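Contents: one structure, followed by commentary.
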Amino acid sequence: MTADPGEAAISSRAPYGDAESLFRAAYDDLVRAAYALLGNHADTEDAVQNGFHKLMLAWTRVGGLPTAGEQRAYLIKIVVNEALQILRYPYRKWERLGVAAGERGVPRESVDESVQAREDLRLVWKVISEFPETRREVVSLHAAGFEYEEIAARLNIKISTVRSHISYARQQLSGWRRATGRGRGNE
Amino acid sequence: MSNGISAGGPEDVLDWLHARGKQRSSAVPEFDVERTISRARAARDAGAVDFWSVLSPTERRAFESAADRRTFPAGTALMREGAPAGEVMVIVDGWTKVCLEEDGRDRIIAERGPGDLVGEGATIPGNVRSASVIALGTVQALVMTTADYAAFVSEHPGVPDLVEKQTYDRRTDRPGPVLPDA
């Protein structure tokens, strides 16, 4: 969980020359973030795979970014947003395709939450995915278990920016919970 | 914790999510970067999402007049992995799954439906299909030979760029773009 000692240096390192090198270097980190958010193998793979697909399509732009740190921030944002889409509309894709979970060859991990809790959580992700872009990415990485300095390094922003986004998000979410009564038990 | 956020759940959702994320990331299962890369490449080669919506009315008419309209019954292949790639298709109606054979099993790597272009990898001469595209129900598609598609693209030079942009922005029900802050 401690930040990689090389992490600080990457922000100023020369950019990667192709999408695959960038993706390979960031892979473990992307997988860790996506898995922490999604909690199962199949969805994590979808999020990371779609992230690489989009990275290839956006390479004209990403390849032109001045540092490796900015390129990695771009990529992690793509993957975080892919994960948010899945959290917001879980199973939509496979339901529409009428595909049984078994056909994908990957067992769905058991979900340890009640139906009501899962629905509440889905609504929380909906609120988070409607935050302005940097805020929703900061909040998502925080929800993935990263500490403030780790988030700052990954998104190529200041720690104080991370802190203030988290603080705003906290206020927005507790306001939303007060307004909807979600997650307040029998109060 | 197992009760999630309802029924007397935690005061602060963010703290709860953070703790859960930390716990999950301490036990991340194994993922294979090679497999992820090959799937993503195959999905890209399988074509572009929402191709039709980025064409102008003139471009649509030109595409339709150069293409054949064909019907694929449920379960049939619009294209097969490993087969020579001679055609591109735009799905008019119905849904398909894009599959790769891995370890003797079909793995679904993407879905393509109305308005999507499939088989764009065919535009590289001598290419073979990188994935299979199978009709889930009855599928109607506009089918065009690679040669006719190349002619269509050269007559409408804006098309490939539009396809890329549209594909990148696909499935964005989200309010803002994925792009970093300007």
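For the reader, a short list of remarks on this structure follows.
- On inspection, A:Leu37 qualifies as assigned to a helix (DSSP H, G or I) and touching a residue at least 60 places away in the same chain (Cβ under 8 Å).
- Residues in segment A:143-154 that are open to solvent by less than 10 Å² (accessible area, probe 1.4 Å) and either in contact (Cβ under 8 Å) with a residue 24 or more places away in the chain or under 17 Å from A:Leu38 (Cβ atoms) (or both): A:Ala143, A:Ala144, A:Gly145, A:Phe146, A:Glu150.
- Among the residues of segment B:126-173, those that are open to solvent by 50 Å² or more (accessible area, probe 1.4 Å), at pLDDT 60 or above and touching a Ser or Thr at 6+ places or on another chain (Cβ under 8 Å) comprise B:Leu136, B:Thr138, B:Gln140, B:Ala150.
- Matching entry among A:Gly64, A:Gly51 (being modelled with pLDDT under 95 and outside any helix (DSSP H, G or I)): A:Gly64
- Restricting A:Glu109, A:Glu119, A:Glu113 to those that are at pLDDT below 90, part of a helix (DSSP H, G or I) and either open to solvent by 10 Å² or more (accessible area, probe 1.4 Å) or over 26 Å from A:Glu45 (Cα atoms) (or both) reduces the list to A:Glu119.
- Each residue in segment A:68-93 was checked for being open to solvent by 20 Å² or more (accessible area, probe 1.4 Å) and either outside any loop (DSSP other than H, G, I, E, B) or modelled with pLDDT of 95 or more (or both), and 7 pass.
- Residue satisfying all of: in segment B:2-25; surrounded by 19 or more Cβ atoms within 10 Å (Cβ to Cβ) and modelled with pLDDT under 50; farthest from the other protein chains (Cβ to nearest Cβ) among these: B:Ser6
- Residue tally, condition open to solvent by 20 Å² or more (accessible area, probe 1.4 Å) and more than 8 Å from chain A (Cβ to nearest Cβ), over segment B:87-102: 4
- Among the residues of segment B:57-75, those that are assigned to a loop (DSSP other than H, G, I, E, B) and open to solvent by 40 Å² or more (accessible area, probe 1.4 Å) comprise B:Pro73, B:Ala74, B:Gly75.
- Counted residues, segment B:104-123 - those being at the interface with another protein chain (Cβ under 8 Å from one of its Cβ atoms) and either modelled with pLDDT of 90 or more or open to solvent by 10 Å² or more (accessible area, probe 1.4 Å) (or both): 5
- Failed item, numbered, when B:Leu78 is tested on (1) away from chain A (no Cβ under 13 Å); (2) out of contact with any strand residue (DSSP E or B) (no Cβ under 7 Å at 6 or more places or on another chain); (3) buried (at least 18 other Cβ atoms within 10 Å of the Cβ): (2)
- When the criteria are applied in full, B:Arg41 meets the requirement of being out of contact with any helix residue (DSSP H, G or I) (no Cβ under 7 Å at 6 or more places or on another chain) and either surrounded by fewer than 16 Cβ atoms within 10 Å (Cβ to Cβ) or in contact (Cβ under 8 Å) with a residue 24 or more places away in the chain (or both).
- Residue check, B:Trp52 touching a Gly at 6+ places or on another chain (Cβ under 6 Å), in contact (Cβ under 8 Å) with a residue 24 or more places away in the chain and more than 24 Å from B:Asp148 (Cα to Cα): no
- Among residues of segment A:20-48, those that are open to solvent by 20 Å² or more (accessible area, probe 1.4 Å) and small (Gly, Ala, Ser), counted: 2
The values are calculated or read from the model by the stated rules, or taken from the named source; none is laboratory data. It should be emphasised that the depicted structure is a prediction, and the values quoted were computed from it without experimental measurement. Virtual Cβ from ideal backbone geometry, glycine too; neighbours counted across all protein chains shown. Accessible surface is based on the protein model in full, side chains and every heavy atom, while ligands, DNA and RNA are left aside. Shrake-Rupley method; radii C 1.70, N 1.55, O 1.52, S 1.80 Å.
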